[in-house]
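All remarks here apply to the structure that follows.
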Amino acid sequence: MFPETFKAGIVATSTVLAAVLAVPSQADTVNIYSTRQADLIEPVLAAFSAETRIDTQVLFVKKGLVDRIVAEGAGSPADVLLTTDIGGLLDFVNEGVTQTVTSATIEANVPATLRDEDNHWFALTKRGRVVYASVDRVEQDSITYEELADPKWKGRICTRSGQHGYNLALFASMIDELGEAAAETWLAGLRDNLARKPEGNDRAQAKGIYSGECDLGLGNTYYVGLMETNEKEPEQKQWRASLKVLFPNNDGRGTHVNVSGMAMAKYSPNREAALALMEFLTTPAAQAIYAEQVFEYPVIEGGQVSDIVASFGELRSDGRDLNVVGNLRPAASLMVDRVRYNDGPR
Ligand SMILES: [Fe+2]
């Protein structure tokens, strides 16, 4: 069902039942387009296939996912879209590649603040954007985002690109909190405290702490769990061991929280199976897999975090409306350019 040219891009297929069932008909397969790495969603998709006998195919597209779906138009084989932050979810909706999903199950499982009011997108997991702090070189056990602009951190902070969605959402939350002018002053202060030009992903900032290049880094919570348990690249366990997790503003307004989430593609060819998958992903069983294997915070009421995530301490969300955050991203992006954040410290 994927056009020939896409087949090479299909990086994971959940074929749990291939041995049990005959070759699945089209209606027995959900086609997923994902900006999220296939290995991070594979466990939950395998559980879905085991329960429903519906197969899944994942097309991992790191960049340009929206453009691709727009170009495919009504012939797009995409059923379910998965992405890693509020920005990606709003991009789907703003580009018109989603449809409304009516599901009492999803509405019961996902709190109203974590889904679109018109049901075009739904959060699946939550993650805090926290400060990674050197165990050896940072004594304090609490911090605020505002403090990251304090000159006492000069030359001591590492982050990934200011234009990455995770940082844009954080900077957007600062615009919402402080107003645009004060947020820009803050961002320029953070830039001047950078140890180096922004580079790499969140884990690269942990590596920078391990190597001694930086004392603080910005990163998402789940990467700490992924590093701590990384058997494929065990050096990441050392990166993790070199840092402690500080939840910024936990004593005040709370920490900035972003989400991963899902939407149904506008022209989904397998609508029924797509809905079954979307509902499954919000069930306690699926949420537990996300929590235990990917170190995310469940979106469902009463969902439990893994022991590793619990060891970080308590995440208190700032509770900010993600639609507000998402809509301030363009302003945040312009601000990153204005202060030349990605050029590094002055
Ligand atoms: Fe990520």
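The values are calculated or read from the model by the stated rules, or taken from the named source; none is laboratory data. On a predicted model such as this, the values are computed, not experimentally measured, just so you know. Cβ atoms come from the backbone with ideal geometry, glycine included; neighbour counts cover every protein chain shown.
Structure notes:
- Given (1) modelled with pLDDT of 95 or more; (2) within 24 Å of Val61 (Cβ to Cβ); (3) surrounded by fewer than 23 Cβ atoms within 10 Å (Cβ to Cβ), number of the condition Thr84 does not satisfy: (1)
- Taken together, the residues in segment 155-212 that are within 16 Å of the ligand (Cβ to nearest atom), under 18 Å from Leu246 (Cβ atoms) and touching a residue at least 40 places away in the same chain (Cβ under 8 Å) amount to 8.
- Any hit, segment 228-247, residues being modelled with pLDDT of 95 or more, basic (Lys, Arg) and within 29 Å of Leu89 (Cα to Cα): no
- Subset of segment 213-229 that is away from the ligand (no atom under 16 Å from the Cβ) and part of a loop (DSSP other than H, G, I, E, B) - its residue that is surrounded by the fewest Cβ atoms within 10 Å (Cβ to Cβ): Glu213
- Extreme residue, farthest from the ligand (Cβ to nearest atom), among residues of segment 96-114 that are crowded, with 20+ Cβ neighbours inside 10 Å and not in a helix (DSSP H, G or I): Val101
- Residues in segment 28-83 that are assigned to a loop (DSSP other than H, G, I, E, B) and more than 16 Å from the ligand (Cβ to nearest atom) were compared, and the one that is nearest to the chain's Cα centre (by Cα) is Gly64.
- Count of residues meeting criterion [surrounded by 15 or more Cβ atoms within 10 Å (Cβ to Cβ) and touching a residue at least 24 places away in the same chain (Cβ under 8 Å)] in segment 230-261: 21
- Screening Phe2 with (1) modelled with pLDDT under 85; (2) of a type in the set (Phe, Trp, Tyr); (3) within 17 Å of the chain's Cα centre (by Cα) gives one miss only, at (3).
- For Glu117, the criteria (1) in a loop (DSSP other than H, G, I, E, B); (2) modelled with pLDDT of 95 or more; (3) more than 16 Å from the ligand (Cβ to nearest atom) hold in every case but one, which is (2).
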